[in-house]
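To start, the structure itself, in structure tokens.
Where a number appears in this text, it was derived from the coordinates with a stated rule and is not lab data. What you see is a predicted model, and the numbers here were worked out from it, not measured in a lab. Neighbour counts run over all protein chains shown; Cβ positions are idealised from the backbone, glycine included.
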Amino acid sequence: MRMYGLDFTSAPGRGKPLTVAVCALNGDTLRLERLERLAGLEGFESLLDSPGPWILGADFPFGQPRRLVGALSWPDSWEGYVARVAEMGRPRYEETLRAYIQTRPKGDKLHRRAGDVRAGAISPMKLDYVPVGKMFFEGAVRLLRSSACVAPCRLNEDNRVVIEAYPALVARWALGGRRGYKEPKDARARALRREARSEILCRITGPDLRQTYGVSLRLNPRDIEEALEDDRGDLLDSMLCAVQAAWAWTRRDAGYGLPTDCDPLEGWIADPAVV
């Protein structure tokens, strides 16, 4: 079974491409075949259009909080409000979010989805610094245009399945807590974060991964070294997204491992930590 892990960005380019871990799952062994870099969002569209069967773990929020959708009187379905956002266009969408945020009292400006709370993730409304709100726009609109199964937002019989990944959860599991492993600010931080990446790579290629995620990961030495030296952590994050995709696939007969009561309007992160 083909597995993809995608480290996403809302404005990819040569300096900051989309990173894809292309893997194959054979039994309970997940093997990384290659790492790909896509310089534009057209590459994401091509990936979504590629023939199945496959499952893709994509690192961006698929939905917005129900509180926001209701407050803005957007349609009460994932397909409905993502289509509304697409019609608005990105500038007007961002203006709408900023205007709403300004009306909110301090401490209640950026709502989170139920899955974000469980995962310890930031709000998908956030537009600055870590602009996951922009990632939502560029990613979800393209998911809507595809015919792939988007769990749990749009479940269908398509043999191409996309699940929302959050690689920080696998990293926290590997490190035993929250520790920085990418984007160092100085030489000392660079050394510490390289050490953290080394620990993550050691743990995800060890026997413990199967106990938590149901699969064993096989990487070749070249890819390990490349991920170790990647200060941005994009290569490693794409691998961690693939692990979450594999976990979801092994639970495909149980709703891809997602809770039965998860909200399809908001979406949900596929990881045992948030089940």
Task: ARG190 part of a helix (DSSP H, G or I) and more than 24 Å from PRO17 (Cβ to Cβ) - done: no
TODO: Give the residues of the stretch 70-111 that are within 21 Å of the chain's Cα centre (by Cα) and β-branched (Val, Ile, Thr), sorted by residue number.
DONE: VAL82, VAL85
Open item on the list: So SER123 ticks every box in (1) among the hydroxyl-bearing types (Ser, Thr, Tyr); (2) over 28 Å from PRO53 (Cβ atoms); (3) touching a helix residue (DSSP H, G or I) at 6+ places or on another chain (Cβ under 6 Å) but one. Which box is left unticked?
Closed with: (3)
- [ ] Run TRP74 past the list (1) under 24 Å from ASP261 (Cα atoms); (2) without any contact (Cβ under 8 Å) to a residue 24 or more places away in the chain; (3) touching a Phe, Trp or Tyr at 6+ places or on another chain (Cβ under 7 Å); (4) not in a loop (DSSP other than H, G, I, E, B) and report the number of the one that doesn't hold.
- [x] (4)
Task: Total residues in the stretch 38-69, condition of a type in the set (Val, Ile, Thr) and either exposed (fewer than 14 other Cβ atoms within 10 Å of the Cβ) or in contact with a strand residue (DSSP E or B) (Cβ under 9 Å, 6 or more places away or on another chain) (or both) - done: 1
TODO: Mind counting the residues in the stretch 91-120 that are surrounded by 15 or more Cβ atoms within 10 Å (Cβ to Cβ) and in a helix (DSSP H, G or I)?
DONE: 11
Task: Among the candidates GLU79, GLU42, GLU36, residue that is closer than 21 Å to ALA227 by Cα and among the charged types (D, E, K, R) - done: GLU36
TODO: Among residues belonging to the stretch 140-160 that are touching a Pro at 6+ places or on another chain (Cβ under 8 Å) and either outside any loop (DSSP other than H, G, I, E, B) or without any contact (Cβ under 8 Å) to a residue 12 or more places away in the chain (or both), point out the one that is surrounded by the most Cβ atoms within 10 Å (Cβ to Cβ).
DONE: ALA140
TODO: Please identify the pairs in which a residue from the stretch 196-214 that is of a type in the set (Asp, Glu) has its Cβ atom under 9 Å from the Cβ atom of a residue that is crowded, with 16+ Cβ neighbours inside 10 Å, counting only partners at least 6 apart or on another chain.
DONE: GLU199/ALA174; GLU199/LEU175; GLU199/TYR181; ASP208/TRP173; ASP208/ALA174
Task: Any pair with Cβ under 7 angstrom, 6 or more apart, that starts in the stretch 103-128 at a residue that is of a type in the set (Gly, Ala, Ser) and ends at one that is surrounded by fewer than 19 Cβ atoms within 10 Å (Cβ to Cβ) and in a helix (DSSP H, G or I) - done: ALA119/ALA273
- [ ] Output yes when any residue across the stretch 262-274 is assigned to a helix (DSSP H, G or I), among the β-branched types (Val, Ile, Thr), under 19 Å from TYR181 (Cα atoms) and in contact with a helix residue (DSSP H, G or I) (Cβ under 6 Å, 6 or more places away or on another chain), and no when none is.
- [x] no
